[in-house]
Amino acid sequence: MTWRRQWNLALESNPSDHPRASTIFLSKSQTDVREKRKSNHINHVSPGQLTKKYSSCSTIFIDDSTVSQPNLRSTIKCVTLAIFYHIKNRDSDRSLDIFDEKTHPLTREEVPDDYYKHDPDHKHIYRFVRTLFSAAQLTAECAIVTLVYLERLLTYAEIDICPSNWKRIVLGAILLASKVWDDQAVWNVDYCQILKDITVEDMNEMERHFLELLQFNINVPASVYAKYYFDLRSLADDNNLSFLLEPLSKERAQKLEAISRLCEDKYKDLSKAAMRRSFSADNLVGIRRSNAILS
């Protein structure tokens, strides 16, 4: 097998590059999900009071998170849960010095000698990411791209995200995603204002290593982005993380109606343009248009 063929096969199995490959975080979460379901079944645990909202004749509840405009809070919760499962169910502790928090600390506080032994819980990861996103005013789309870059790094560099490196890997992925995705990029010096004790030189070095390990592949196809979004929603369902449902207000209903009319007019214009482009072929094939028969 040639080197190019091996490389193409590797890309096809890499979820951050190929839309058909399964996301790593969803696969790593399945063991825990199955154990929870099995435990609930054996112990006859009731799901408890139903908290899911259902639409009625008087009230319609809608999910304000879409693939093009995800809900920020819910998306960050799901992305940090995906990172949690990456750490919890990692295969090994392979790492690089540039991401090691003992070698490159983010704060002036002394890093404990056993820092590499304790896995962070979901809340700890969520607080770290939420602080960065809130201070830098980053978008939900940036959070999804952050997860794409994180899984691409782990695959390309053949390393694991673990207690000793997770903060710097996540920070590097956020840094890169914010520059590539957001219109108003946050500069490295801005992150130094958020994380008071980190230097610009350290940020620049980490960014350079991150890009080199990604082989400068920062492209995220729409199909890959959509796959990560829907897999994050599946992760939320498996872990009882509900996306926020809001009652459909009169103003929101009017806005949705206006958007649907614009889309309808757009598709009509596209249809007419397609018909005009096909007129030249009508004389060749002799298309006949018959009247519709309504029964």
task = Specify which of the listed residues (Thr139, Thr131) is among the hydroxyl-bearing types (Ser, Thr, Tyr) and surrounded by 14 or more Cβ atoms within 10 Å (Cβ to Cβ).
result = Thr139
inquiry  = Within region 183-201, does at least one residue satisfy the condition of being open to solvent by less than 40 Å² (accessible area, probe 1.4 Å) and charged (D, E, K, R)?
reply    = no
task = Find the residue count for region 78-99, including only residues that are closer than 25 Å to Glu141 by Cα and more than 21 Å from the chain's Cα centre (by Cα).
result = 1
key: Identity of the residue in region 136-188, assigned to a loop (DSSP other than H, G, I, E, B) and within 15 Å of the chain's Cα centre (by Cα), that ends up nearest to Ile198 (Cα to Cα)   = Leu138
Filter result for Arg94 (assigned to a loop (DSSP other than H, G, I, E, B), open to solvent by 10 Å² or more (accessible area, probe 1.4 Å) and closer than 30 Å to Pro221 by Cβ) = yes
inquiry  = Tell me the residue from Asp197, Asp202, Asp231, Asp237 that is touching a residue at least 60 places away in the same chain (Cβ under 8 Å), closer than 17 Å to Thr23 by Cβ and of a type outside the set (Lys, Arg), please.
reply    = Asp231
Among (1) more than 20 Å from the chain's Cα centre (by Cα); (2) at pLDDT 55 or above; (3) more than 20 Å from Ile87 (Cβ to Cβ), the one test that Arg20 misses = (1)
message = Being touching a residue at least 40 places away in the same chain (Cβ under 8 Å), open to solvent by 30 Å² or more (accessible area, probe 1.4 Å) and under 18 Å from Asp197 (Cβ atoms) is the filter here; which residues of region 102-127 pass it?
response = Lys102, His104, Pro105, Thr107, Arg108, Tyr115
key: Positions within region 109-125 being among the aliphatic types (A, V, I, L, M) and either at pLDDT below 90 or over 25 Å from Ile76 (Cβ atoms) (or both), in sequence order   = Val111
key: The listed residue being under 27 Å from Ser92 (Cβ atoms), acidic (Asp, Glu) and in contact with an Asp or Glu (Cβ under 9 Å, 6 or more places away or on another chain), out of Asp160, Asp197   = Asp160
message = Being free of Cβ contacts under 8 Å to residues at least 24 places away in the same chain and aromatic (Phe, Trp, Tyr) narrows it down to one residue among Trp181, Trp187, Trp166; which is it?
response = Trp187
ask   = Taking the condition at negative phi, in contact with a helix residue (DSSP H, G or I) (Cβ under 9 Å, 6 or more places away or on another chain) and of a type in the set (S, T, N, Q), does Gln215 pass?
value = no
Count of region 189-201 residues which are in a helix (DSSP H, G or I) and closer than 15 Å to Phe128 by Cβ = 2
ask   = Could you say whether any residue in region 143-159 is in contact (Cβ under 8 Å) with a residue 60 or more places away in the chain, within 27 Å of Ser22 (Cα to Cα), of a type in the set (Gly, Ala, Ser) and in contact with a Pro (Cβ under 6 Å, 6 or more places away or on another chain)?
value = no
request  = Would you point out the residue of region 81-91, among those that are under 20 Å from Tyr116 (Cβ atoms) and part of a helix (DSSP H, G or I), that is most open to solvent (accessible area, probe 1.4 Å)?
outcome  = Lys88
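The values are calculated or read from the model by the stated rules, or taken from the named source; none is laboratory data. This one's a predicted model, so the numbers in the text were calculated from it and none came from an experiment. When we count neighbours, we look across all protein chains shown, and the Cβ atoms used for this are built from the backbone with ideal geometry, even at glycine. Just the protein is used for accessible areas: all its heavy atoms, side chains included, with ligands, DNA and RNA removed. Shrake-Rupley method; radii C 1.70, N 1.55, O 1.52, S 1.80 Å.
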